[in-house]
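The values are calculated or read from the model by the stated rules, or taken from the named source; none is laboratory data. Since the structure is predicted, the reported quantities are computational estimates derived from the model, not experimental observations. Every residue, glycine as well, gets a Cβ built from its backbone with ideal geometry; the counts of neighbours run over all protein chains shown.
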Amino acid sequence: MEKSFHLNDKVYEVIRLLGKGKGGYSYLVSDGFNKFVLKQIHHEPCSYYTFGNKLEAELRDYKTLSSLGLPLPKLISVDEKEERILKEYIDGPTIYDLVLEDQMKDEYFKQIKEMCSLLYTANINIDYFPTNFVVQNEKLYYIDYECNGYMEEWNFENWGIQYWSKTKEFLKYAEEHKN
């Protein structure tokens, strides 16, 4: 794993790998004063998703979602040459962690429904998988920037919800991804 990254003439020390997604690796990094998330775009194949230019898509999707008022980490910096994005770090547990620890609250379901109302009106879906949501001070944030055109089969009610509680789908995923 990388020990540090350069992004636009600044050095960010890696604290830890946060995760790998369809489009990149996300790292918790520090500039010596503050923590951020640095996403390094990757070009590894993904059997169930087709990409164009991943960096352009991230930036376009961020603009789309932020214009809707969706609670997101702020985009701080972009290095187009190295295909890196630096964004605000939202500290808190993921919905995935809260489901695992039996700490889900009705309030989080209320907040995701409010997000869905904004998104569906704009004819958009996001990736509702629970690792893409963090709760900080009881507020739910979508920490990914991915969004797509609305398709009923991929909305929260038909796809996402199956991973927001200890369903058989959630438990199977958790078993397959134990550390």
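Look at ARG60 and say whether it is more than 24 Å from LYS172 (Cα to Cα) and free of Cβ contacts under 8 Å to residues at least 40 places away in the same chain. When the stated conditions are applied, ARG60 passes them. Does PHE33 fit the bill of being modelled with pLDDT under 95, among the hydrophobic types (A, V, I, L, M, F, W, C), surrounded by fewer than 17 Cβ atoms within 10 Å (Cβ to Cβ) and not assigned by TED's automatic domain parsing to the domain that holds THR167? The answer is no for PHE33.
Among the residues of the stretch 126-162, those that are closer than 20 Å to LYS87 by Cα and among the β-branched types (Val, Ile, Thr) comprise ILE126, THR131, VAL134, VAL135, ILE143. When the stretch 114-141 is filtered for residues that are part of a helix (DSSP H, G or I), surrounded by fewer than 18 Cβ atoms within 10 Å (Cβ to Cβ) and either of a type in the set (A, V, I, L, M, F, W, C) or in contact (Cβ under 8 Å) with a residue 24 or more places away in the chain (or both), the ones remaining, listed by number, are LEU118, TYR120.
Looking for whichever is aromatic (Phe, Trp, Tyr), in contact with a Lys or Arg (Cβ under 8 Å, 6 or more places away or on another chain) and over 22 Å from LYS172 (Cα atoms) here; the options are TYR89, TYR108. Which one fits?
TYR89
Here GLU80, GLU107 are screened, and the one residue that is without any contact (Cβ under 8 Å) to a residue 40 or more places away in the chain and either closer than 28 Å to LYS10 by Cα or assigned by TED's automatic domain parsing to the domain that holds ASP9 (or both) is GLU80.
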